[in-house]
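Student: This is the structure I have questions about; it appears just below.
Please treat every number below as a calculation from the coordinates, not as lab data. For clarity, every value in this text was computed on a predicted model and none was experimentally measured. Reconstructed Cβ throughout: ideal geometry from the backbone, glycine too, with neighbour counts over all protein chains shown.
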Amino acid sequence: MATTSTLSVIDGDSSAVVSLMEAVETANAAVTLADGSGPVRASRVRSNSSIRRRRPRPASLAPKQRVGAWRVEGDLGRGGMASVYAVTHAGFGKRAALKLCHRTVLGPDFTPEVFLREARVANLVDHAGMPDVFATGTYDGRPYLVMERLAGETLGQLVDRNALDRVAGIEVLLEVLDVLAAAHAAGVVHRDLKLDNVFVMREPGAGGRRVKLLDWGVAYILGEADPMRGMIAGTLTYVAPEQIRADELTPAADLYSLGVLAYHVLLGAPPFSAETDLELIRKHLHELPPSPRAAWPEIPTELARVLGGLLAKQPGERPPIDLVRHALRAARSALLPKRTLRHWITAAPPAADPFRRGVPAGKPRGKLVGAAVAIALTLASLASLVSV
Ligand SMILES: Nc1ncnc2c1ncn2[C@@H]1O[C@H](COP(=O)(O)OP(=O)(O)O)[C@@H](O)[C@H]1O
Ligand SMILES: [Mg+2]
């Protein structure tokens, strides 16, 4: 029997929502044609004209504003689900990061409780590469999490300014792999692995780690009811074929996204890109990724094979984490003697306000049309846009 999934979008930017919905409506027929097994269904997606915009609200919190006991200092970043602020506890001065849910993503399916799952997931996985989330609350009807404030940049920012050589890129990937291994062992699938959700700390953090894997908000906990059931949670550039098909989700979905991430970091671009979301979906489902040798002719054979394997259409055909780790380590060893610059990060981070410590407000990425859309995809967002 054919499986179906419904695409909808969580994002503060309703114009991006509309453009993705339009693409998905078009995708319905074509993806079904291309793939006899699993149509992507857009029947519940409303047309552009039915969308009424919410009355404008201030986009972000201002410095000195209070959120519960926390005083805002400034922006740290922004994603599809939330804005992240540098805050200080008014009582005892602890510095932290506060992730405040966008009002527009809340709705009957995406409730504050679903947003706050991130705190529980982050604490399910005991690993130095997990962010320490230690408080939650609600501000003006919007749920928020409070977590350790990190100093550094997202992997996306580093890639954008060519700040990583291949050895550094491999080291980041190895650390991401370690966090994924710990998460998978705890029965957690991240489901939204991408450049902007990997945070590279300027100084090694607890346990000598440099990398934190952020944004566990749409994670799937094996064996539990999935609040995103029937929807695609993830970002279209990175999303595994089985997520598009709404097949059973396993940790192998993260390995596919890791493959996309590795292509971007080591080969300069994600394996699949396209003018439209429809075309991108079709490529994830049916197209073979380009050979890694096209971008890196001397790539070690084992690594080339593993990168291709991570992007296998069938989850069961993707290599196990140990094999990926082995290939990355071997490639690092092969590259190290050739490395001329010993700096782990080869360029200085941009100057920034003290509270930001070199972390410019991130913009979401991962989509090709207009502003990038983090698609933790639920109809709740659409409902909330329409209902006001
Ligand atoms: N603990 C933190 N310390 C510093 N910056 C952070 C922290 N958490 C998130 N950020 C910044 O905020 C951005 C958005 O956070 P993220 O958790 O990915 O939100 P979303 O769920 O909306 O995608 C990140 O890409 C990063 O730049
Ligand atoms: Mg994010």
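Student: In this model, which of K194/K283; K94/K194; K212/K313; K99/K194 are farther than 21 Å apart at the alpha-carbon? Working shown, then result.
Tutor: Working: K194/K283 18 Å; K94/K194 29 Å; K212/K313 28 Å; K99/K194 18 Å.
Exceeds cut-off: K94/K194; K212/K313.
Student: So what does the Cα-only Debye profile of the range 152-342 read at q = 0.12, 0.19 Å⁻¹, as log10 I(q)/I(0), no solvent term?
Tutor: Debye curve over Cα of the range 152-342, log10 I(q)/I(0) at q = 0.12, 0.19 Å⁻¹: -0.55, -1.45.
Student: Viscosity 0.692 mPa s, temperature 37 °C: Stokes-Einstein D of the range 229-302 from its Kirkwood Cα radius, in µm² per second? Before the final figure, lay out each step's value.
Tutor: Numbers: Rh = 13.1 Å.
Estimated diffusion coefficient is 251 µm²/s.
Student: Another question, then. When a footprinting reagent is the concern and you count Cβ atoms within 10 Å, what order do L323, L214 take, fewest first?
Tutor: Working: L323 15, L214 24.
By the 10 Å Cβ count, ascending: L323, L214.
Student: So, one more: Would you mind ranking L258, L222 by Cβ crowding within 10 Å, fewest neighbours first? Don't jump to the answer; show the numbers that get you there.
Tutor: Values: L258 24, L222 13.
Placing the least packed residue first, the sequence is L222, L258.
Student: May I pose another question? Looking only at the range 235-261, which residues have a backbone nitrogen under 15 Å from a spot 7 Å from the Cα of S273 in the C-beta direction?
Tutor: From the range 235-261, the list is 236-238, 260-261.
Student: Once the Cα gyration tensor of the range 69-116 is found, what semi-axes does its equivalent ellipsoid get, as square roots of 5 times the eigenvalues, in whole Å, sorted largest first? Write down the numbers at each step before the final one.
Tutor: Values: eigenvalues 113, 29, 9 Å².
So the three semi-axes of the range 69-116 are 24, 12, 7 Å.
Student: Right, next: Under the Kirkwood approximation for Rh and a Cα-based Rg, what ratio Rg/Rh is obtained for the range 176-285?
Tutor: Values: Rg = 14.3 Å, Rh = 14.6 Å.
Ratio value, two decimals: 0.98.
Student: If you take the charge dipole of the range 152-342 about its Cα centre, with +1 on Lys and Arg Cβ and -1 on Asp and Glu Cβ, which of S273, L336, A252 is farthest toward its positive end?
Tutor: The residue sitting farthest along the positive end of the dipole is L336.
Student: Counting every Cα pair in the range 98-217, what percent are over 26 Å apart?
Tutor: Numbers: 1628 of 7140 pairs.
I get 23 percent for the Cα pairs in the range 98-217 exceeding 26 Å.
Student: Can you figure out the FRET efficiency of A334 with A185, using R₀ = 41 Å and their beta-carbon distance, to the nearest 0.05? Mind showing how you got there, number by number?
Tutor: Working: r = 29 Å, r/R0 = 0.70.
Result of the calculation: an efficiency of 0.90.
Student: Continuing with this model, one more query. With the Cα gyration tensor of the range 66-147 in hand, give its eigenvalues times 5 under a square root as the equivalent ellipsoid semi-axes, listed largest first in whole angstrom.
Tutor: Values: eigenvalues 73, 58, 25 Å².
Semi-axes (√(5λ), whole Å): 19, 17, 11.
Student: In sequence order, what are the phi-derived ³J(HN,Hα) couplings for the range 132-144 according to the Karplus relation 6.51 cos²θ - 1.76 cosθ + 1.60 with θ = phi - 60°, rounded to whole Hz, with x for glycine and proline?
Tutor: Along the range 132-144, the couplings run 8, 9, 10, 7, 9, x, 10, 10, 6, x, 10, x, 9 Hz.
Student: In what order do F199, F115, F92, F134 fall by count of nearby beta-carbon atoms within 10 Å, going from fewest to most?
Tutor: Working: F199 25, F115 28, F92 7, F134 14.
Going from least to most buried by this count: F92, F134, F199, F115.
Student: If I model the range 183-247 as equal point scatterers sitting on the Cα atoms and use the Debye formula, what is log10 I(q)/I(0) at q = 0.16, 0.24, 0.25, 0.29 Å⁻¹?
Tutor: Normalising to I(0) and taking log10 leaves -0.61, -1.08, -1.14, -1.32.
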